[in-house]
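> If you scroll down you'll find the structure; I have some questions about it.
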Amino acid sequence: MGMGRLKRHARMAEAGSPAVREGSGDLMLRWFIVLAAAMITALSGVTTGNAAPPGVSEQDKAFLVGAHQDNLTEIQGGRIAERQAGKQSIKDAGRKLAENHTALDDQLKPVAERLGVGLPSRPSEEQQAELRQLAAKSGAAFDQAWIDAQVKGHRKALVSLDKELSSGSSQEVKDLAQDARPVVQEHLNLIESIRGGE
């Protein structure tokens, strides 16, 4: 290329010739595509993190919600027993159940959060009605009603735990059920022994 043509090309570049502007546009477009792709990837990661993993079934979700509400019911029922039971053995059992179900729920809640399963803030309507009935009693009348409710509730809980263990999809949720089962069985044994000693 001659010196004259070189100088002319340099002047065109300085003036912002169409060829140079087009090249700059291509470069800017490429940068925009890269940035847009990065943003889409980041947003996709956030969305995926909030969605329930594919290994979580409706059975797993129902178990988490039901077990959480059972825990809330046992915690409240145990505290009522500490205040209103006639027998010391039932007061002591109420305290043990409240403590154990608090610990079980502390294990359950972070798992539900990780799996994207929302948990209710209170027991079911049926459970709340039962708690209100218990709270209206005291002494011997309370003791009998509380024991009957606990036997029924813990037997039902064992059925729910066994169903999760046999039909659940998420290993993390099944592990919760596996850990909770001996605790629930121990509670049932304790309550039945108190009833047998009456």
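> In whole Å, how far is the Cα centre of region 57-118 from that of region 119-141?
Between the Cα centres of region 57-118 and region 119-141 lies a distance of 13 Å.
> If R₀ is 35 angstrom, what is the calculated FRET efficiency for the pair Asp162 and Glu82, using the beta carbon separation as r and rounding to 0.05?
Efficiency at R0 = 35 Å is approximately 0.75.
> Here's something else I'd like to know. Using the 10 angstrom Cβ neighbour count as an exposure proxy, how do Ser138, Ser193, Ser121, Ser170 rank, fewest first?
In order of increasing Cβ crowding within 10 Å: Ser121, Ser193, Ser138, Ser170.
> Can I ask one more? What FRET efficiency comes out for the pair Glu58/Ala140, r = Cβ-Cβ distance, R0 = 41 Å, nearest 0.05?
Using R0 = 41 Å, I get an efficiency of 0.40.
> Between Rg and the Kirkwood Rh of region 99-198, both from Cα atoms, what is the Rg to Rh ratio?
Reported Rg/Rh, Kirkwood definition of Rh: 1.01.
> Now a separate question. Lys/Arg Cβ at +1, Asp/Glu Cβ at -1, dipole of region 66-198 taken about the Cα centre: which of Gln171, Leu190, Gly86 is farthest positive-ward?
Gly86
> Give the total of Lys-Lys pairs in region 119-175 with Cα-Cα distances below 19 Å; include a pair only if its members are 8 or more places apart or on different chains.
Within region 119-175, the lysine pair count is 4.
> Ok, one more. Could you run the Karplus curve 6.51 cos²θ - 1.76 cosθ + 1.60 with θ = phi - 60° over region 117-134 and give me ³J(HN,Hα) per residue in whole Hz, x for Gly and Pro?
Coupling constants for region 117-134: 9, x, 10, x, 8, 8, x, 5, 4, 4, 5, 5, 5, 5, 5, 5, 5, 5 Hz.
> Give me the number: length gained by fully extending Ser169 to Glu113, i.e. 0.36 nm times residue separation minus the C-alpha to C-alpha distance, one decimal in nm.
18.5 nm
Bear in mind these aren't lab numbers, they're just calculated from the coordinates by the rules spelled out. Owing to the predicted nature of the structure, the values given are computational and were not obtained by experimental measurement. Positions of Cβ are backbone-derived with ideal geometry, glycine not excepted, and every protein chain shown enters the neighbour counts.
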